[in-house]
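Student: I am attaching a structure below and will ask some questions about it afterwards.
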Amino acid sequence: MNRNSIKSYLVQSISTNGKLVLLVLLGTLMVGVAISLIGLIPEHQELVSLLISDLPAKITIMAVPIILILKSKTYSEWCSEFSNITITKKDFLNASFLELFLSSMLGIPVLTIIWTIAYFVSPGIVDMNEGIGVIGGAFGIV
């Protein structure tokens, strides 16, 4: 395994898709915080409790990998576009899987912020057991 070619692939992917990924994560953070703040209204606390453990977890864990999958190139397209970087098919595949795994981890800090804000809005609103289960399922899908 050539670590330099994998690093080059990951750096190129970050420079190509970084802005879109940040935009998606910031959008998810804003939506999650907005849902959390709706919990201040007593009539909506049950709805927020149902949404806050499920929806942000699925979005934060799965959105970025799905975007990267849709924007990814095949091996031949990548080699022709970045001809100055040599990478074998095996390293290309390893780098692609590593990219998807690492990108799914980007949602964890966003989800932590959302759940922390929801906890401070109303301590009983976040069901951590359900949330952890949803995160596990989302990682399974990725």
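The values are calculated or read from the model by the stated rules, or taken from the named source; none is laboratory data. All values reported here derive from a predicted model rather than from experimental measurement. Here the Cβ is made from the backbone with ideal geometry for all residues, glycine too, and neighbour counts use every protein chain on show.
Student: Being within 24 Å of Ile67 (Cβ to Cβ) and in contact with a helix residue (DSSP H, G or I) (Cβ under 7 Å, 6 or more places away or on another chain) is the filter here, so list the residues in the range 116-142 that pass it.
Tutor: Answer for the range 116-142, where residues must be within 24 Å of Ile67 (Cβ to Cβ) and in contact with a helix residue (DSSP H, G or I) (Cβ under 7 Å, 6 or more places away or on another chain): Gly131, Val134, Ile135, Ala138, Phe139, Ile141, Val142.
Student: Hey, another quick one. So which of Ala118, Ala63 ends up being modelled with pLDDT of 80 or more, of a type in the set (Gly, Ala, Ser), farther than 27 Å from Val11 by Cα and surrounded by 14 or more Cβ atoms within 10 Å (Cβ to Cβ)?
Tutor: Ala118
Student: Looking only at residues in the range 96-115 that are touching a helix residue (DSSP H, G or I) at 6+ places or on another chain (Cβ under 6 Å) and surrounded by fewer than 19 Cβ atoms within 10 Å (Cβ to Cβ), which one is farthest from Tyr9 (Cα to Cα)?
Tutor: Filtering first and then ranking leaves Leu106.
Student: Just give me the residues in the range 36-60 being of a type in the set (A, V, I, L, M) and either in contact (Cβ under 8 Å) with a residue 60 or more places away in the chain or in contact with a strand residue (DSSP E or B) (Cβ under 6 Å, 6 or more places away or on another chain) (or both), in sequence order.
Tutor: Start the filter on the range 36-60 by keeping residues that are of a type in the set (A, V, I, L, M), which leaves 37-38, 40-41, 47-48, 50-52, 55, 57, 59.
If the condition is that a residue be of a type in the set (A, V, I, L, M) and either in contact (Cβ under 8 Å) with a residue 60 or more places away in the chain or in contact with a strand residue (DSSP E or B) (Cβ under 6 Å, 6 or more places away or on another chain) (or both), then Leu37, Leu40, Val48, Ile52, Ala57 are the ones that fit.
Student: Continuing with this model, one more query. Examine the range 41-58 for a residue that is surrounded by 15 or more Cβ atoms within 10 Å (Cβ to Cβ), under 15 Å from the mean Cα position of the chain (by Cα), at pLDDT below 85 and more than 17 Å from Tyr119 (Cα to Cα), and state whether such a residue exists.
Tutor: yes
Student: Ok, one more. Quickly run through the range 61-95 and pick out the residues that are part of a helix (DSSP H, G or I), within 30 Å of Gly131 (Cα to Cα) and free of Cβ contacts under 8 Å to residues at least 60 places away in the same chain. Steps first, please.
Tutor: Of the residues in the range 61-95, the ones part of a helix (DSSP H, G or I) are 61-71, 75-81, 89-95.
Filter once more, so that each one left must be within 30 Å of Gly131 (Cα to Cα): 61-71, 94-95.
Within the range 61-95, Ala63, Val64, Ile66, Ile67, Leu68, Ile69, Leu70, Lys71 meet the criteria.
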